[in-house]
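In what follows, a single structure is set out as C-alpha cells and then discussed.
The values are calculated or read from the model by the stated rules, or taken from the named source; none is laboratory data. Here the structure is a predicted model, which is why all the values come from computation and not from measurement. Cβ: placed from backbone, ideal geometry, glycine included. Neighbour counts: every protein chain shown. The area values use the complete protein model at the heavy-atom level, side chains included, leaving out ligands, DNA and RNA. Shrake-Rupley method; radii C 1.70, N 1.55, O 1.52, S 1.80 Å.
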Amino acid sequence: MENYFRRTGFRLSQLLISLAMGISLFVSCKDDYFYDDTIPSWLGSSIYDYLNEQGKYKYTLKLADDLNYAEVLRKTGSKTLFVASDSAYDEFFKNNNWGVKSYEQLTLAQKKMLLNFTMLNNAFLIQQLTNYNNGTTLVEDNAMRRATASSALDSISFDAGDKLPSGAYWQYYKNKGLHLMKDATSSPIAYFFQPFLDKNAITNEDVSILTGGMTRQTNDAHIFNCKIVKRDITCQNGYINLLDKVLVPPVNMAQYITNNPKTSIFAKLLDRYSAPYYNGTMTSTYHQLNPEFTDSIFEKKYFATNGGKTKLPNGTSATNILAFDPGWNSYATASGAPIQSDMAAMFVPSDDAMNSFFNSGVGSLLKARFQTWDNVPDAIILPLVKRHMRASLIETVPSKFSKMVDAENYPLPVEKGHIESTYAGVNGEVFTTNTVYPPVDYISVYSPVLLSANSKIMNWVIKYNTETAMDGTPFAFYKLYLNSMAAKYSLFIPTDSYFNKYIDPIAYGQDVQGALKFWYDEKADAVKATVYKYNKSTDVVGDSVALITDASFVINRLQNLLDSHIVVGDVESGAGYYVTKANDLIKVSGTGTSLVVQGGDDLAKNQQAQVVDANFYNQANGKTYFINKPIQSALRSSYKVLSETPQFSKFFELLNGVPDTCVSQIFNKQGVDNRINFFNAFRYTIYVPTNDAVQAALDNGSITPWSTIYTLTPGKVQSAAINKMIRFLRYHFQDNAVFFGQNVNAQYQSATIKTDNTVTRFGTAKNKYYKIGVVGNSSAMTLTTENSKTAKVETKDGLYNIVVKDYIFGLIPSKYKNIDGTGNATGTAFSSSTITSSASAVIHQIDNVLTFEQ
C-alpha cells in the first residue's frame, strides 16, 4: 500500500481533493490510469466519518464540532491528523499541566491548540514526512519538523505585572498590561522517524533523553514524546495516525525556560534581550475575526541576528544581540532555510547551578564585581547566554556531546551526567543542567580584565582594537588572542588609577618630552590621553599641555603598551628575564602576591611594578596580574647606550666608523635617535668587548683600524677591508636575548653570513649565519666562536643585562611637532604620531673580541 502511494502521490492528492469537493476529474483524453474515474474501495470514509464510525474518538469529534471544523474534516482535502483515543483523553484529564479535569473545562484557546496543532494541511504518509522540498530539490530522509494548522492567534494572553519580563522595554506595560503573542509564527510539530535518525546518526538513547525518558525501539515513530501506535489510516481526504497519548502543544524554548521555576535566573538573563513589538498585521487579522476587539496586539521578540530583531522598539540598532531568537516558533537554522531539517537547542543551568557558579570558582569574579546577577551588565552576560545556545539539535544530541564546540570554536564540555531534565519544544530542545558552561571570556586571562571595575582602560583596547579577516570581517584580535586555550599566558594589567605616567617614546626623542595619562571616559565609552610635560633628566612630570581624544592615537599607544604586558609562558618559572609579545625584555622577581616586574626603563631607573592588593588570578590559560604602574619599556636605544658608556667607547668607534658612502651601515636614523640597521621586530644580544680587548685586537692586527682603511685607494681593496670590518662587528650581534645568570647551553645565530666552505666549530654551511656558542649559569657566561676561541661576560663594572630598545616610528621624532605644539613649524601634529615596530636587545660586556675566521 505504501509503495502504491509513493508511486501515485500526485494523483492521490488530486483524487482526495476532488472527492472531498464532490466533483469528478475531467481530462482531455483517456489514459490507462483506472482511478481517474473510479473511487478506490480501500479509501474508506472521510476523516470525520472514520473517527465517528470507530466510536472511540468522541473528544476529537467534539473539538471539530465546537470549532466548526466538522465539515472540513468531512469534505476538504487534504489533511493529516494525529489523534488520541477517548481513553487517552480520560488519562489526560486526570493529570495535565493545564489543570483541566474534563472536556468542559477546556477553554476555546485550548481546544484550538489541541485540534489545530495535531493537523497538517496536506496528506502525508509517515515515511513521506521525512522528506521535504528545498526549492525545486527533493531532500529525502532529512526532515524532523513540519508546519501545522495552528495559528499564533489561537492563543493570545493578556499579561501584566510579574508575567512580563523586568527589562527596560517592558516597564511601561507592567501596570497597564498588554495582549502579547509569545511569537507571531505558527507552531510546528517535531518528530523522530527512523530514516531521519539514521541519516543524522541519532541513536535510540538520544531520542529517549530528548523526550524525557521515553523508551524507543528501532522503527518506532514519535511526535515529540507521543508514540504513533497505528499509522497511515487512509481516508478519502487524508490520513489519520493514532497516538498513545494526547498531544499537548509544547511551547517554544523561551516560554519553557520562563515557565520553569527551576530556571528562573537564566530566564531573567535571557529576557534582558527581549522587548514587546507592536504587530499591526496580527492586530488587524484578530480584529477581523473578533470585531469586538479594539486593542493592540504585541509580539515578544528577542534581539537576534537569526529570526529576531536587530532594531530596538525605538528604532535604534541593538548592540547586544543573540545568535537566534529562542522564542521563534518557526525557527530555521539560517535565513531562508527550511524549518523541516533541524531545530535549535539550549543548555539551561538550573537556579542551583547558577547560584553555585556565582558563589565559587570562575563565577566569583562576577560576584566580586557586581554582587548580584541583576547588576551584571548586559554586554557581560551576553557571552554567557550565547555560550548555552546551540543552532543545531542534530549536532547537540547526547551521543555527540563530546564533539561539541561553541560558535567561537571552543569546546563545550557537556556530559550526560550534567543533564537534569529535557524538554522538546516546538523550536528546539531545552536541556536543564546542573552545570554552568562559562564562556571563554570568563575563564581566560582576559576574564579579570573584562570583569574588573579597575581595568576599563585595558579592557577598552582589548575590545576595540580590531583587525580584518581575509573575508573582510572585523574581529577583536586581542580578545581572540588572549582567549586562546592553545597557549599559557602571563598578563600584566596596570589598573586604571595607576595609569598616570606613561612616558611616550616619540616625545622622549623630542626637545620637549612628554608623559601620557590615560583615562576612561564613561559617557563616551572611550579612552583619552592627557599629555604632560616630562623632564627625562629628573624623571619629573610637569603641567598638562594637551588632551588627545583621537582613538587611533590612543589605540596605537595602548596596543604597543599591551603587547609589552603579555608574556607567553609562566613568569614564575624562575628564569628571571622574559620576552613579551612586543619583544620587550622584562625582569620578574618573586611570585604570587609578592611578584614585581621591571621593564627596560624601570631597570635603568631602579623602579618596579608590583601586584596590587593580592590581585592575581589563576585562569584556564594562564595568570593575570593587576599591577600598580605600567611596565615602562626601555627608552634608551642601542645607539644611546653604546655611544654614552665610556667602557664601550672603543667598540662604538668601530661601529660608528662605517663610511657614509657604504650601503651596509650599522646605524640608521630612526626611533628615539638611531637604531641598529639590521634589527627586525625581534630580540637580540649585543656583546661589547672591553676597550682593552678592542685595542689589543687592533694592536695584534686581528682587525684593521678605520684610520688605515680610510687611506686605502677606493676600489676592491678598500671595499674588501670595509666589508671585513663590518662582518667582524656584526658577529657581536646575536639573535635571541640571553641573560647573564640564566642557565643556558645553546648555539645562536650571529648577524654575519658565512661566505665560504671552510669547516667551522659548529659546522655552519655556506650562506648561513655564523653561530656563537653560549654556556651560562648563575655566576658565569662563556662564549665560544666558530674558530673555537672564547670570551667571558665581564661583571666587575656591572655592564651586563643592559636592556635597550630600538623603535621604528611613522616619522623620526624631529618630523613631528612637540607635544606642546612647538618645534618643527611644518611638522606633523604629535597626536598623529605612530609607533610602528621595535626590536629589543640586551647588552653584555665581554673580555675578548669575537672572531670567526680560522
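Tell me whether the stretch 250-262 contains one or more residues that are open to solvent by less than 20 Å² (accessible area, probe 1.4 Å), within 40 Å of the chain's Cα centre (by Cα), of a type outside the set (Phe, Trp, Tyr) and over 29 Å from Thr203 (Cβ atoms).
No.
Give me a count of the residues in the stretch 646-687 that are of a type in the set (D, E, K, R), assigned to a helix (DSSP H, G or I) and open to solvent by less than 70 Å² (accessible area, probe 1.4 Å).
Qualifying residue count, the stretch 646-687: 1.
For the stretch 373-388: of the residues being crowded, with 17+ Cβ neighbours inside 10 Å and outside any helix (DSSP H, G or I), which is farthest from the chain's Cα centre (by Cα)? It would help to see each step written out before you state the result.
Narrowing the stretch 373-388 to residues crowded, with 17+ Cβ neighbours inside 10 Å: 373, 376, 380-388.
Of the ones still in play, those that are also outside any helix (DSSP H, G or I) are 376, 388.
Details: Val376: 19, His388: 13 Å.
Among those residues, the one meeting the criterion is Val376.
Whether any residue in the stretch 800-816 is surrounded by fewer than 16 Cβ atoms within 10 Å (Cβ to Cβ) and touching a residue at least 40 places away in the same chain (Cβ under 8 Å) is what I want to check.
Yes, because at least one residue in the stretch 800-816 is surrounded by fewer than 16 Cβ atoms within 10 Å (Cβ to Cβ) and touching a residue at least 40 places away in the same chain (Cβ under 8 Å).
Among (1) under 18 Å from Met144 (Cβ atoms); (2) modelled with pLDDT of 95 or more, there is one condition Leu242 misses while meeting the rest; what is its number?
(1)
Just checking, how many residues over the stretch 345-361 are over 21 Å from Ile257 (Cα atoms) and buried (at least 18 other Cβ atoms within 10 Å of the Cβ)? I'd like the intermediate steps shown before the answer.
First pass over the stretch 345-361, keeping only residues over 21 Å from Ile257 (Cα atoms): 359-361.
If we keep only those that are buried (at least 18 other Cβ atoms within 10 Å of the Cβ) as well, we get none.
Final tally of qualifying residues: 0.
To keep it simple, each residue is scored yes or no on (1) in contact (Cβ under 8 Å) with a residue 12 or more places away in the chain; (2) over 24 Å from the mean Cα position of the chain (by Cα); (3) farther than 22 Å from Glu429 by Cβ.
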site: Ser296; (1), (2), (3): yes, yes, yes
site: Glu299; (1), (2), (3): yes, yes, yes
site: Thr305; (1), (2), (3): yes, no, no
site: Phe324; (1), (2), (3): yes, no, no
site: Gly327; (1), (2), (3): yes, no, no
site: Pro338; (1), (2), (3): yes, yes, no
site: Ala345; (1), (2), (3): yes, no, no
site: Leu366; (1), (2), (3): yes, no, yes
site: Gln371; (1), (2), (3): no, yes, yes
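Looking at Phe196, Phe192, Phe224, can you tell me which residue is of a type in the set (Phe, Trp, Tyr), open to solvent by less than 20 Å² (accessible area, probe 1.4 Å) and without any contact (Cβ under 8 Å) to a residue 60 or more places away in the chain?
Details: Phe196 fails: without any contact (Cβ under 8 Å) to a residue 60 or more places away in the chain; Phe224 fails: without any contact (Cβ under 8 Å) to a residue 60 or more places away in the chain.
Checking each option against the conditions leaves just Phe192.
Take the residues in the stretch 263-302 that are farther than 18 Å from Ser187 by Cα and acidic (Asp, Glu), then tell me which one is most open to solvent (accessible area, probe 1.4 Å).
Glu292
Can you name the residue in the stretch 800-854 that is part of a loop (DSSP other than H, G, I, E, B), among the acidic types (Asp, Glu) and out of contact with any Asp or Glu (no Cβ under 7 Å at 6 or more places or on another chain) and, of all such residues, is farthest from Tyr769 (Cα to Cα)?
Looking only at the stretch 800-854, we keep the residues that are part of a loop (DSSP other than H, G, I, E, B), and these are 800-801, 810-812, 818-822, 824-827, 829, 833-834, 847-854.
Retained after the next criterion (residues that are among the acidic types (Asp, Glu)): 820, 847, 853.
Narrowing further to those that are out of contact with any Asp or Glu (no Cβ under 7 Å at 6 or more places or on another chain): 820, 853.
Working: Asp820: 46, Glu853: 13 Å.
The qualifying residue farthest from Tyr769 (Cα to Cα) is Asp820.
Could you say which residue among Thr218, Thr234 is open to solvent by 60 Å² or more (accessible area, probe 1.4 Å) and either among the aliphatic types (A, V, I, L, M) or out of contact with any Pro (no Cβ under 8 Å at 6 or more places or on another chain) (or both)?
Details: Thr234 fails: open to solvent by 60 Å² or more (accessible area, probe 1.4 Å).
When all the criteria are applied, what remains is Thr218.
Of the residues Val527, Val531, Val554, which single one is buried (at least 20 other Cβ atoms within 10 Å of the Cβ) and part of a helix (DSSP H, G or I)?
Working: Val527 fails: part of a helix (DSSP H, G or I); Val531 fails: part of a helix (DSSP H, G or I).
Of the residues listed, the single one that is buried (at least 20 other Cβ atoms within 10 Å of the Cβ) and part of a helix (DSSP H, G or I) is Val554.
Quick one: in the stretch 150-208, of everything that is part of a helix (DSSP H, G or I) and among the hydrophobic types (A, V, I, L, M, F, W, C), which residue is farthest from the chain's Cα centre (by Cα)?
Kept after step one, since they are part of a helix (DSSP H, G or I), are these residues of the stretch 150-208: 152-154, 161-163, 168-170, 173-176, 194-199, 204-208.
Then drop every residue that is not among the hydrophobic types (A, V, I, L, M, F, W, C), which leaves 152-153, 168, 170, 196-197, 207.
Working: Ala152: 35, Leu153: 38, Ala168: 27, Trp170: 30, Phe196: 32, Leu197: 31, Val207: 31 Å.
Only one residue tops the list, namely Leu153.
Among Leu180, Leu106, which is the only one that is closer than 26 Å to Ala332 by Cα and buried (at least 17 other Cβ atoms within 10 Å of the Cβ)?
Numbers: Leu106 fails: closer than 26 Å to Ala332 by Cα.
Going through Leu180, Leu106 in turn, the sole match is Leu180.
Out of everything in the stretch 164-200 that is touching a strand residue (DSSP E or B) at 6+ places or on another chain (Cβ under 6 Å) and of a type in the set (Phe, Trp, Tyr), what residue ends up being farthest from Thr80 (Cα to Cα)?
Within the stretch 164-200, the match that is farthest from Thr80 (Cα to Cα) is Tyr169.
Can you tell me which residues in the stretch 442-494 are among the small types (Gly, Ala, Ser), surrounded by 14 or more Cβ atoms within 10 Å (Cβ to Cβ) and free of Cβ contacts under 8 Å to residues at least 40 places away in the same chain? Outline the logic, then answer.
Pass one, the stretch 442-494, residues among the small types (Gly, Ala, Ser): 444, 447, 452-453, 455, 469, 472, 476, 484, 486-487, 490.
Add one more test, that the residue is surrounded by 14 or more Cβ atoms within 10 Å (Cβ to Cβ), and what stays is 444, 447, 452, 455, 476, 484, 490.
Residue satisfying the conditions is Ala476 alone.
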